[in-house]
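Reviewing the structure listed below.
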Amino acid sequence: MDAAIKDHTEAIGLDPNDAASYEGRGEAYSNKREWGRAIDDFTKAMDLDPEYGRTYCYCHRGLAYLNKGDFNRAIEDYTKVIELNPKVAAAYTARGGAYGGKGDWDRAVADYDKAVELDPKDAAAYNSRGYAYSKKGGWDRAIEDYSQAIKLDGKRANLWNSRCWARAIAGQLQEALSDCNQSLNLVPNDANTRDSHAFIYLKMGKLEDAIADYNVALGLNPNLAASLYGRGVAKLKKGDNRAIPTLNRRKEFDQK
């Protein structure tokens, strides 16, 4: 990416009005997660060539705003994309993500509905809608969407973990355990999946197994709050009051 940025910068020096060079450098900055610089370059490209911007830059800049956490600006850009071309399913999925970032899950679901309508084979849209339903407490609907995403793209470990978690919350513990195992078969060293696996054991009352899994998750990610909390709960259930300081490290624990 650094070499790409250098080349695009040199091209801009030779032709300061070349929108494509700004757009290309913006993409390179995005790949480096330098969102502010990416946004500046995408904006410059659109200023220089509005038609070029219509084709490329609103989507790219919207993604940069989304990753930067500026959800309102991301919504503005993706709304512009949709106005220019209402058939771009990915724009609805991305705008849904921005609404979700604001906690507006109803609007997020509406956008994901439209994305799925336009592209019924988009696993990302089903996955995102499943997550939105989970945030609304609609676990059955979440499981349906995660299942559809898995049908479309069953090689993604995170999809299996998402359904594992939803099933665990819904009390479908054996099915959840199967999903987590499938996720771990695909990516053995994922802390989040190991945390989900531990949570299932915790709900089953298998405290030693839960603690062992939480230890593995924390070995992979020592700052994983969910695992710190879950391990503390498991230890307390075993009568170990030394777990209380660990529990205090987690102020919010959402569903668990």
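The values are calculated or read from the model by the stated rules, or taken from the named source; none is laboratory data. This one's a predicted model, so the numbers in the text were calculated from it and none came from an experiment. Cβ atoms come from the backbone with ideal geometry, glycine included; neighbour counts cover every protein chain shown.
Here are the numbers:
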| quantity | calculated |
| --- | --- |
| Hey, Tyr99 under 21 Å from the mean Cα position of the chain (by Cα) and within 21 Å of Gly130 (Cβ to Cβ) or not | yes |
| So Lys114, is it modelled with pLDDT under 95, under 26 Å from Ala74 (Cα atoms) and not acidic (Asp, Glu) | no |
| Extreme residue, farthest from the chain's Cα centre (by Cα), among residues of the stretch 124-176 that are closer than 19 Å to Lys203 by Cβ and of a type in the set (Lys, Arg) | Arg167 |
